[in-house]
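This report concerns only the one structure given below.
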Amino acid sequence: MENIFTLPFILAAIGMVVMLTMTCIGSAIGVTIAGNATIGGLKKNPDIFGSSMILCAIPSTQGLYGFAGFFFFLLKLTGDAAIVQISLMQGILMFTSAAALGIAGYYSSIYQSRLIANGIVEMSNGQDTFGRTMILAVFPELYAILTFASVFLVWIFAL
């Protein structure tokens, strides 16, 4: 039986683990930051719960990008229920694009949640900032989307 644990496969696997772990940890931290702001804001204004709950969910998308990227790469590595051999260049591309998504997803989720937390605080102070907060929350998300696009492009064109 052929040894499947080649350097390209190990690089790809490490990248996949970094991608999924970092994006999910970032999302968990992000949702918690926004949730903490909501709990504090509810003391002042209990009517903000619905809007705040929607805003709290936004940082969770980075974890979904990590899971989708993990799934894409897993499909390529396990074609027809057998481990597919990949070249060194493919392993490097998988590792780098996956690590980029993991790092970008981690940080964008945390910084996005900080922005959202500020919007929630202002909502609790009676300001109508839901829509503006939602719009501004898209900007940190853009960088997670760009790195997810790199994972998708590697999946489509390089594997």
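The values are calculated or read from the model by the stated rules, or taken from the named source; none is laboratory data. Please read these numbers as outputs of a predicted model, since none were measured by experiment. For neighbour counting, all protein chains shown are included, and Cβ atoms are generated from backbone atoms with ideal geometry for every residue, glycine included.
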- Positions within segment 122-148 being farther than 23 Å from GLN62 by Cα, touching a residue at least 60 places away in the same chain (Cβ under 8 Å) and part of a helix (DSSP H, G or I), in sequence order: MET123, SER124
- Query: Could you count how many residues in segment 117-159 are within 30 Å of PHE9 (Cα to Cα) and surrounded by fewer than 13 Cβ atoms within 10 Å (Cβ to Cβ)?
  - Reply: 4
- Message: Based on this model, can you work out whether MET94 counts as in a helix (DSSP H, G or I), at pLDDT 95 or above and surrounded by fewer than 20 Cβ atoms within 10 Å (Cβ to Cβ)?
- Response: no
- Considering segment 41-89 alone, what residues qualify as being part of a loop (DSSP other than H, G, I, E, B) and either at pLDDT 95 or above or at positive phi (or both)? ASN45
- Message: Criterion first (in a helix (DSSP H, G or I), under 30 Å from ILE92 (Cβ atoms) and free of Cβ contacts under 8 Å to residues at least 40 places away in the same chain) does ALA12 satisfy it?
- Response: no
- Task: Test MET53 against the criterion of being out of contact with any Cys (no Cβ under 8 Å at 6 or more places or on another chain), surrounded by fewer than 21 Cβ atoms within 10 Å (Cβ to Cβ) and either aromatic (Phe, Trp, Tyr) or closer than 14 Å to SER113 by Cα (or both), and give yes or no.
- Result: yes
